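Read the figures in this text as sums done on the coordinates, not as results from a lab. Predicted, not measured: the structure shown is a model, and the values here were computed from it. Cβ placement follows ideal geometry from the backbone for every residue including glycine, while neighbour counts extend to all protein chains displayed.
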């Protein structure tokens, strides 16, 4: 049976993998690349792990007020931000390891590929890097509050994007590796090839493509204003969500392979599988839909 969400699409039509519903709404969505597990945090505090075929594997109700989520690529560790300033670290069984409240509102969070480190940013213009057992590694003072954080998998480095379009890279000790001003605010960051390709949802400037040094390689122009972006770990596919409630499925050259209009149930989150063979979408109603292309 074809989902109603796929009624207004163009391009190579995908096959539906699964459709699930979380009536209380989806607060965060993450795809653990090596484990190929889908993590869904709902607005009433439920954290759920799904297989890539949609089977619900584990659930927990210990995450009330969750709004941000980061997971290790191996799927055996993660961290959730609940409320304004609380961090909850959890393991493969979703049982909390520890929780901590910090000073200021947490604006971004990231977890290293194998769960060794956690980074979080606050509205006081600081980035904190800690180990998985809460040992502080570094505190990074930045000029503007950080909106997005991503760890790289090929080096011990952290990509950070501030409001008003500043993109920077730091090592775990807080030393800045490079910084590149951007022409636009950044709505989202996606990292591919371990960090050799960065995709930035840059609103009116389209999707900016950068290399591992932050130098711009080009722009993907799409019909709309990009606000979220996700990509495969290998050079294959990029998914883009726009403020006009459309999702575009692109190849690595920026050519549109498929697009769908979800105005009837606006999309909130997107995630791409590591091989670029699966796209997961979460909508305003709490629907989580996964599709694939042969």
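Things worth noting here:
- Length added when fully stretched, residue 236-residue 16, from 0.36 nm per residue minus Cα-Cα: 77.2 nm
- Residue 124-residue 98 FRET efficiency (beta carbon distance; Förster radius 25 Å; 0.05 resolution): 0.70
- Relative contact order of the range 59-154, defined on C-alpha pairs under 8 angstrom at six or more residues apart (%): 21
- Distance between the range 185-260 and the range 66-89 - C-alpha centres, whole angstrom: 24
- Stretching residue 223 away from residue 4 to a fully extended chain increases their span by 76.6 nm, per 0.36 nm per residue minus the current alpha-carbon distance.
- Cα centroid separation - the range 135-168 against the range 1-48, whole Å: 28
- Residue separation of residue 216 and residue 34 scaled by 0.36 nm, minus their Cα-Cα distance, works out to 62.7 nm of gained length.
- Value of relative contact order over the range 188-294, rounded to a whole percent, pairs C-alpha under 8 Å and six or more apart: 18
- Estimated distance in nm for a label pair at residue 243 and residue 196, the labels positioned 7 Å out from Cα along Cα-to-Cβ: 3.5
- Most to least packed among 217-223, 186-192 [average Cβ atoms within 10 Å]: 186-192, 217-223
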